[in-house]
Amino acid sequence: MAQDTDSDKKDLETITLAGGCFWCVEAVYQRLDGVESAVNGYMGGHTKKPSYKEVCTGKTGHAEVIQIKFDPAVTDLAALIDFFWEAHDPTTLNRQGADVGTQYRSAIYYENESQKEIAEASKAKAASKFSDPIVTEITEASTFYPAEDYHQEYYELNKSYPYCRAVITPKLKKLGLE
(Lines give C-alpha, C1' and ligand atoms only; values in the text may rest on other atoms or scores of the structure.)
Protein backbone atom coordinates (compact mmCIF):
# COMPACT_ATOMS: atom_id res chain seq x y z
CA MET A 1 0.00 0.00 0.00
CA ALA A 2 1.41 3.39 -1.03
CA GLN A 3 1.82 6.04 1.62
CA ASP A 4 0.17 9.41 1.25
CA THR A 5 2.58 12.25 0.68
CA ASP A 6 2.00 15.76 1.99
CA SER A 7 0.94 16.94 -1.47
CA ASP A 8 -1.64 14.13 -1.66
CA LYS A 9 -3.28 15.51 1.49
CA LYS A 10 -3.48 19.12 0.31
CA ASP A 11 -6.70 20.54 -1.03
CA LEU A 12 -5.37 22.15 -4.19
CA GLU A 13 -7.29 24.51 -6.44
CA THR A 14 -6.87 24.90 -10.18
CA ILE A 15 -6.88 28.04 -12.32
CA THR A 16 -5.86 28.33 -15.97
CA LEU A 17 -4.28 31.51 -17.30
CA ALA A 18 -3.29 32.70 -20.76
CA GLY A 19 -0.85 35.59 -20.99
CA GLY A 20 1.03 35.15 -24.24
CA CYS A 21 3.73 32.54 -24.67
CA PHE A 22 3.14 29.77 -22.16
CA TRP A 23 6.87 29.36 -21.52
CA CYS A 24 6.91 32.87 -20.01
CA VAL A 25 3.84 32.39 -17.84
CA GLU A 26 5.05 28.99 -16.63
CA ALA A 27 8.45 30.41 -15.62
CA VAL A 28 6.72 33.14 -13.59
CA TYR A 29 4.19 30.99 -11.77
CA GLN A 30 6.61 28.16 -10.97
CA ARG A 31 8.41 30.63 -8.73
CA LEU A 32 5.45 31.74 -6.63
CA ASP A 33 4.83 30.41 -3.14
CA GLY A 34 1.88 28.06 -2.95
CA VAL A 35 2.01 27.00 -6.61
CA GLU A 36 2.30 23.22 -6.61
CA SER A 37 2.38 22.76 -10.40
CA ALA A 38 2.27 24.82 -13.57
CA VAL A 39 1.59 22.84 -16.75
CA ASN A 40 1.75 24.30 -20.25
CA GLY A 41 -1.13 23.48 -22.54
CA TYR A 42 -4.01 24.66 -24.69
CA MET A 43 -7.58 25.71 -23.90
CA GLY A 44 -10.48 27.69 -25.27
CA GLY A 45 -10.67 26.33 -28.79
CA HIS A 46 -12.58 23.83 -30.87
CA THR A 47 -9.90 21.36 -31.99
CA LYS A 48 -9.61 18.21 -29.87
CA LYS A 49 -6.10 17.26 -28.72
CA PRO A 50 -4.34 20.00 -30.69
CA SER A 51 -0.62 19.97 -31.33
CA TYR A 52 1.65 22.97 -30.85
CA LYS A 53 2.03 23.21 -34.62
CA GLU A 54 -1.76 23.36 -35.03
CA VAL A 55 -2.22 25.94 -32.26
CA CYS A 56 0.50 28.14 -33.82
CA THR A 57 -1.62 28.48 -36.97
CA GLY A 58 -4.29 30.30 -34.97
CA LYS A 59 -6.96 28.08 -36.56
CA THR A 60 -7.75 25.87 -33.55
CA GLY A 61 -9.25 28.64 -31.42
CA HIS A 62 -7.02 27.57 -28.51
CA ALA A 63 -4.83 29.85 -26.44
CA GLU A 64 -1.46 28.87 -25.05
CA VAL A 65 -2.25 28.50 -21.35
CA ILE A 66 -0.73 27.49 -18.07
CA GLN A 67 -2.82 25.33 -15.77
CA ILE A 68 -1.88 26.12 -12.20
CA LYS A 69 -2.55 23.96 -9.18
CA PHE A 70 -2.06 25.91 -5.99
CA ASP A 71 -2.47 25.47 -2.27
CA PRO A 72 -5.01 28.03 -1.01
CA ALA A 73 -3.60 27.58 2.51
CA VAL A 74 -0.37 29.20 1.22
CA THR A 75 -1.63 31.68 -1.39
CA ASP A 76 -5.09 32.67 -2.44
CA LEU A 77 -6.51 32.99 -5.91
CA ALA A 78 -6.84 36.77 -5.64
CA ALA A 79 -3.07 37.09 -5.10
CA LEU A 80 -2.33 34.84 -8.08
CA ILE A 81 -4.63 36.82 -10.35
CA ASP A 82 -3.38 40.17 -9.04
CA PHE A 83 0.11 39.01 -10.01
CA PHE A 84 -1.18 38.04 -13.47
CA TRP A 85 -1.71 41.72 -14.35
CA GLU A 86 1.96 42.40 -13.56
CA ALA A 87 3.26 39.36 -15.46
CA HIS A 88 2.01 40.37 -18.92
CA ASP A 89 0.35 43.22 -20.81
CA PRO A 90 -3.41 42.63 -20.53
CA THR A 91 -4.19 45.61 -22.78
CA THR A 92 -2.94 44.18 -26.07
CA LEU A 93 -5.47 42.12 -27.98
CA ASN A 94 -4.08 38.79 -29.20
CA ARG A 95 -0.50 39.87 -28.66
CA GLN A 96 2.35 39.76 -26.18
CA GLY A 97 5.51 41.41 -27.45
CA ALA A 98 6.50 39.82 -30.75
CA ASP A 99 4.02 36.94 -30.30
CA VAL A 100 0.90 37.76 -32.32
CA GLY A 101 -2.29 35.76 -32.86
CA THR A 102 -5.36 34.58 -30.97
CA GLN A 103 -3.26 31.82 -29.41
CA TYR A 104 -1.44 34.56 -27.45
CA ARG A 105 -4.57 36.22 -26.06
CA SER A 106 -4.94 37.24 -22.45
CA ALA A 107 -7.50 35.08 -20.63
CA ILE A 108 -8.50 33.73 -17.26
CA TYR A 109 -10.30 30.39 -17.38
CA TYR A 110 -12.22 29.91 -14.14
CA GLU A 111 -13.37 26.62 -12.58
CA ASN A 112 -16.40 27.92 -10.62
CA GLU A 113 -18.47 31.04 -9.90
CA SER A 114 -16.32 32.04 -6.94
CA GLN A 115 -13.21 32.11 -9.15
CA LYS A 116 -15.13 34.11 -11.77
CA GLU A 117 -16.09 36.73 -9.16
CA ILE A 118 -12.50 36.95 -7.86
CA ALA A 119 -11.15 37.33 -11.42
CA GLU A 120 -13.68 40.04 -12.31
CA ALA A 121 -13.00 41.99 -9.10
CA SER A 122 -9.25 41.76 -9.66
CA LYS A 123 -9.63 42.93 -13.27
CA ALA A 124 -11.73 45.91 -12.18
CA LYS A 125 -9.16 46.84 -9.53
CA ALA A 126 -6.25 46.48 -11.98
CA ALA A 127 -7.90 48.62 -14.67
CA SER A 128 -6.76 51.85 -12.99
CA LYS A 129 -3.11 50.80 -13.37
CA PHE A 130 -3.25 50.84 -17.18
CA SER A 131 -3.76 53.71 -19.60
CA ASP A 132 -5.48 51.39 -22.11
CA PRO A 133 -8.46 49.12 -21.38
CA ILE A 134 -7.80 45.56 -20.21
CA VAL A 135 -8.83 43.12 -22.97
CA THR A 136 -8.41 39.95 -20.90
CA GLU A 137 -11.32 37.58 -21.34
CA ILE A 138 -12.72 35.83 -18.27
CA THR A 139 -14.23 32.57 -19.45
CA GLU A 140 -15.37 29.29 -17.96
CA ALA A 141 -12.67 26.64 -18.24
CA SER A 142 -13.10 24.02 -20.93
CA THR A 143 -11.02 20.95 -21.73
CA PHE A 144 -7.35 21.43 -20.94
CA TYR A 145 -4.93 19.76 -23.33
CA PRO A 146 -1.38 19.49 -21.94
CA ALA A 147 1.29 20.66 -24.35
CA GLU A 148 3.90 18.27 -25.64
CA ASP A 149 6.58 17.19 -23.14
CA TYR A 150 9.28 19.39 -24.67
CA HIS A 151 7.22 22.48 -23.71
CA GLN A 152 7.10 21.59 -20.01
CA GLU A 153 9.67 23.17 -17.68
CA TYR A 154 10.87 24.99 -20.80
CA TYR A 155 12.72 27.86 -19.19
CA GLU A 156 14.31 25.69 -16.51
CA LEU A 157 15.67 23.33 -19.17
CA ASN A 158 16.62 25.96 -21.76
CA LYS A 159 17.82 29.09 -19.93
CA SER A 160 20.65 29.61 -22.41
CA TYR A 161 18.36 29.65 -25.48
CA PRO A 162 18.12 33.10 -27.12
CA TYR A 163 14.34 33.44 -26.52
CA CYS A 164 14.75 32.61 -22.85
CA ARG A 165 17.67 35.02 -22.42
CA ALA A 166 15.98 37.83 -24.37
CA VAL A 167 12.39 37.53 -23.11
CA ILE A 168 11.91 35.30 -20.06
CA THR A 169 14.99 36.19 -17.97
CA PRO A 170 14.31 39.96 -18.18
CA LYS A 171 10.65 39.38 -17.28
CA LEU A 172 11.63 37.33 -14.22
CA LYS A 173 14.12 40.02 -13.16
CA LYS A 174 11.52 42.79 -13.62
CA LEU A 175 9.10 40.84 -11.40
CA GLY A 176 11.78 40.14 -8.78
CA LEU A 177 11.67 36.41 -9.40
CA GLU A 178 15.23 35.78 -10.67
>> Please enumerate, by chain and number, the lysines with C-alpha under 18 Å from the C-alpha of LYS59, excluding those fewer than 8 residues away in the same chain.
In response: LYS48, LYS49
> Carbon and sulfur atoms: what percent of the 1.4 Å accessible area of the range 29-178 do they account for?
Replying inline: 52 percent
> Solvent-accessible area per residue for the chain at a 1.4 Å probe radius, Å²?
Replying inline: 52 Å²
> For the range 71-120, which GluC sites (Glu not before Pro) are in a loop by DSSP, counting at most 14 other Cβ atoms within 10 Å?
Replying inline: GLU111
> Can you list the lysines whose alpha carbon sits under 17 Å from that of LYS159, skipping same-chain ones fewer than 8 residues off?
Replying inline: LYS171, LYS173, LYS174
> Order of 37-47, 91-101 by packing, highest average Cβ count within 10 Å first?
Replying inline: 37-47, 91-101
> If you take the charge dipole of the chain about its Cα centre, with +1 on Lys and Arg Cβ and -1 on Asp and Glu Cβ, which of LEU80, THR102, ALA147 is farthest toward its positive end?
Replying inline: THR102
>> At 7 Å along Cα-to-Cβ for each site, give me the label-to-label distance between LYS159 and PHE144 in nm.
In response: 2.6 nm
> So how much slack lies between VAL74 and ASP11, counting 0.36 nm per residue of separation and subtracting their Cα-Cα distance, in nm?
Replying inline: 21.6 nm
> How would you classify the range 12-151 from its alpha-carbon gyration tensor, with a ≥ b ≥ c the square roots of the eigenvalues: rounded for a/c under 1.5, else prolate if a/b is greater than b/c, otherwise oblate?
Replying inline: oblate
>> Given the -39500 (n - 2.57) contribution per DSSP H run of 4+ residues, what per-residue ellipticity at 222 nm results for the chain, rounded to the nearest 500 deg cm²/dmol?
In response: -7500 deg cm²/dmol
>> Give me the dipole magnitude in Debye, nearest 20, for the range 73-178 about the Cα centre, with unit charges on the beta carbon: positive for Lys and Arg, negative for Asp and Glu.
In response: 560 debye
>> For the range 125-167, which GluC sites (Glu not before Pro) pass both filters: DSSP loop (anything but H, G, I, E, B) and at most 13 other C-beta atoms within 10 Å?
In response: GLU148
> Label points 7 Å out from Cα along the Cβ direction at GLU86 and LYS129: separation in nm?
Replying inline: 0.7 nm
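The values are calculated or read from the model by the stated rules, or taken from the named source; none is laboratory data. Quantities reported herein were computed from a predicted structural model and do not represent experimental measurements. Please note: Cβ atoms are built from the backbone with ideal geometry, for glycine as well, and neighbour counts cover all protein chains shown. We work out accessible area using only protein heavy atoms, side chains counted, and drop any ligands, DNA or RNA first. Shrake-Rupley method; radii C 1.70, N 1.55, O 1.52, S 1.80 Å.
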